[in-house]
Amino acid sequence: MKNPPAFLRAVILLGATLAGVLGVVTAHAQTNVPYERILKSGAEPGNWLTNGGNYSGHRYSTLDQITSENVAKLRPAWIYQQADTSKWETTPLVVDGIMYITERPNIVTALDARTGRAIWNYRRPFPDDVRICCGTPNRGLAVLGDAVYFNTFDAHLVCLDANTGQERWDVVVEDYKIGYSMTGAPLAVKDKILVGVAGAEFGIRGLVDAYDAKTGKRVWRFWTIPGPGEPGNETWGPGDAWKTGGGSTWGLGTFDPELNTIYWGTGNAAPDYNGDDRPGDNLWANSIVALDADTGKLKWGFQATPHDLHDWDANQVPVLIDTVVNGKPRKVVVQANRNGFCYVLDRVTGQFITGQMMIKQTWTKGLDETGRPILIPGLAPSEEGVLVYPGLGGAVNWPGPAYSPQTNMIYVQAQENYGQYFYKYVTPYKAGEHFENGGGRNVLGAEPFGVLKAIDVTTAKVQWEFKIQSYAHAPALATASGLVFSGTHEGQVFALDARTGKELWKFMVGTTVYGGPVSFLVDGKQHIAVTAGAGLFVFAL
């Protein structure tokens, strides 16, 4: 049912206020997270107020009770089970002792972070005629003021009262019947909620939207595929290919408040594997775009894979870091990209600083001085199939990396030894139907494997790697005590030494780990939470 019965929407009895720093649940307070709290989230490490841990997407916790010396003593504190047994990719939010999660397919639940007891539960109908490309995950929420916000798979943005679960408003972002869907978490910035969309495999036109947090009214829209008269439209050829050009925005955005700039990754050009009708670079597909937070106007864009023919989305999290490059302070944005390279860009101007190959790739000789790939001829998809590394799943998919200011490295799950035979065919566009015009076939006998890689953010070079038995598909978490947490396809949650990659702890949860681990305090005690399979596992010493 759309609005749950009153007994499931009970006002929080235990409430919570002081928990931010102390992790102490009080008796009467209710959730209230104004923009200033998210802006200064580092001052209250007991909470996890936004999907990426902070606006920069660092997935880093300054909590340090769990250390390399005692991490082996981590044990489950409680476990919560969702009804859906499919892969669960959400990253929890934790606000003053209350945990907010999305469940599949269109469910939001508030939990007591001490015990896992459900406080309220919101369920929204799931249409039976949605267009599904790659599963129906929901990767999390945003919180702002006394409300939480989530995207539905059928392309709605919904606002709920954070204390009761009561729906406040529900707005349509785009028409799911022509292929639009939404799987990522919203981003709360100032008084707006920002969202992206999926659906490039159906020939949608990508966008980033901003909505008024109070009313749900759309404030601005940025189309990732420029129309006639807009800069970049000429990169789609003389026809109407831009109308169905893809460039979806299903990843997580980041925000620099000083520059008042939003950073968002964009997906593949459409159709995915056949570019005959879209000659040119196809801006701004496969790119990072920098947008004015107040107007949505493009400040700059950087395209990692011009005229993509291999489905190498650039939806990976653009991580914002202040560091030193060649002896000078630089504000950079770092992205470990699906095409096999890690990029470091100036986030003020979009200037390419450096980029390095991070996995085996065979499609390019390297990058030129602007970051543009130097292509190896003859590797476009064909009717017979052409072998290329990496495969269409790419080096890195959606799972967010973690950044540690102590090591100046990002930690990201990747896959190695992964190639596919790419082929193409011709199918005319029809609204609501797949518009990929090709695909990939695995290499017989090959054994791709997962690797957690530590990458220096000034050089983009891999410093160490931790090999995993098979493809790993979980975000990472770094902590001030020098640990990195993540999970495996085989069902292990693990902790590594952030400087060396040495394994320090692992726990078998019995099913694939897909969710983003977070760290928080309750009753002054540090916890680690992560979703795997149908379970939310919470660990403590």
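The values are calculated or read from the model by the stated rules, or taken from the named source; none is laboratory data. Predicted model only: the values in this text are computed from it and were never measured. All Cβ positions, glycine included, derive from the backbone under ideal geometry; neighbour counts span all protein chains shown.
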Considering only the stretch 509-524, state which residues are more than 19 Å from GLY52 (Cβ to Cβ) and either in contact with a strand residue (DSSP E or B) (Cβ under 6 Å, 6 or more places away or on another chain) or in a loop (DSSP other than H, G, I, E, B) (or both). VAL509, GLY510, THR511, THR512, ASP523, GLY524
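Go through the residues of the stretch 487-497 one by one and say whether even a single one is in a loop (DSSP other than H, G, I, E, B) and touching a Pro at 6+ places or on another chain (Cβ under 6 Å). Explain how you work it out, then say what you get.
Taking the stretch 487-497 as the starting set, the residues that turn out to be in a loop (DSSP other than H, G, I, E, B) are 488-491.
Adding the requirement that they be touching a Pro at 6+ places or on another chain (Cβ under 6 Å) leaves none.
No, because not a single residue in the stretch 487-497 is in a loop (DSSP other than H, G, I, E, B) and touching a Pro at 6+ places or on another chain (Cβ under 6 Å).
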Residues located in the stretch 492-508, provided they are surrounded by 21 or more Cβ atoms within 10 Å (Cβ to Cβ) and β-branched (Val, Ile, Thr): VAL493
GLY355: outside any loop (DSSP other than H, G, I, E, B) and over 17 Å from the mean Cα position of the chain (by Cα), yes or no? yes
Would you mind finding the one in LEU345, LEU379 that is out of contact with any helix residue (DSSP H, G or I) (no Cβ under 6 Å at 6 or more places or on another chain), modelled with pLDDT of 95 or more and more than 27 Å from LEU259 (Cβ to Cβ)? LEU379
Can you tell me which residues in the stretch 120-169 are more than 22 Å from the chain's Cα centre (by Cα) and charged (D, E, K, R)? ARG123, ARG124, ASP128, ASP129, ASP146, ASP161, GLU167, ARG168
Only one of (1) surrounded by 24 or more Cβ atoms within 10 Å (Cβ to Cβ); (2) over 30 Å from GLY501 (Cα atoms); (3) not β-branched (Val, Ile, Thr) is not met by ARG114, so which one is it? (1)
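Among GLN351, GLN413, which is modelled with pLDDT of 95 or more and crowded, with 17+ Cβ neighbours inside 10 Å? Write out each step before concluding.
On the way: GLN351 fails: crowded, with 17+ Cβ neighbours inside 10 Å.
From the options GLN351, GLN413, the qualifying one is GLN413.
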Show the residue pairs meeting these rules: Cβ distance below 6 Å; 6+ apart or different chains; first residue within the stretch 254-275 and farther than 16 Å from LEU187 by Cα; second residue among the hydroxyl-bearing types (Ser, Thr, Tyr). GLY267/SER248; ALA270/THR244
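Which is closer than 20 Å to SER486 by Cβ and out of contact with any Asp or Glu (no Cβ under 7 Å at 6 or more places or on another chain), of GLU44, GLU89?
Working: GLU44 fails: closer than 20 Å to SER486 by Cβ.
Only one candidate qualifies: GLU89.
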Just to be sure I understand, how many residues within the stretch 397-445 are under 26 Å from TYR343 (Cβ atoms), assigned to a loop (DSSP other than H, G, I, E, B) and out of contact with any Leu (no Cβ under 9 Å at 6 or more places or on another chain)? 10
Please give the number of the condition TYR80 fails out of (1) within 25 Å of LYS525 (Cβ to Cβ); (2) in contact with a helix residue (DSSP H, G or I) (Cβ under 7 Å, 6 or more places away or on another chain). (2)
Within the stretch 175-198, the count of residues that are over 14 Å from GLY246 (Cα atoms) and out of contact with any strand residue (DSSP E or B) (no Cβ under 6 Å at 6 or more places or on another chain) comes to 5
Are any of the residues in the stretch 499-506 in a loop (DSSP other than H, G, I, E, B) and at pLDDT below 95? no
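Kindly indicate whether PRO125 is crowded, with 19+ Cβ neighbours inside 10 Å, part of a loop (DSSP other than H, G, I, E, B) and not polar (S, T, N, Q).
Working: crowded, with 19+ Cβ neighbours inside 10 Å: no; part of a loop (DSSP other than H, G, I, E, B): yes; not polar (S, T, N, Q): yes.
For PRO125, the condition - crowded, with 19+ Cβ neighbours inside 10 Å, part of a loop (DSSP other than H, G, I, E, B) and not polar (S, T, N, Q) - is not met.
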Report the residue count in the stretch 45-79 for those that are within 23 Å of the chain's Cα centre (by Cα) and either over 18 Å from TRP505 (Cα atoms) or surrounded by 24 or more Cβ atoms within 10 Å (Cβ to Cβ) (or both). 18
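Does HIS473 meet the test of being in contact (Cβ under 8 Å) with a residue 12 or more places away in the chain, crowded, with 17+ Cβ neighbours inside 10 Å, touching a His at 6+ places or on another chain (Cβ under 7 Å) and not hydroxyl-bearing (Ser, Thr, Tyr)?
Considered against the rule, which asks whether it is in contact (Cβ under 8 Å) with a residue 12 or more places away in the chain, crowded, with 17+ Cβ neighbours inside 10 Å, touching a His at 6+ places or on another chain (Cβ under 7 Å) and not hydroxyl-bearing (Ser, Thr, Tyr), HIS473 comes out as yes.
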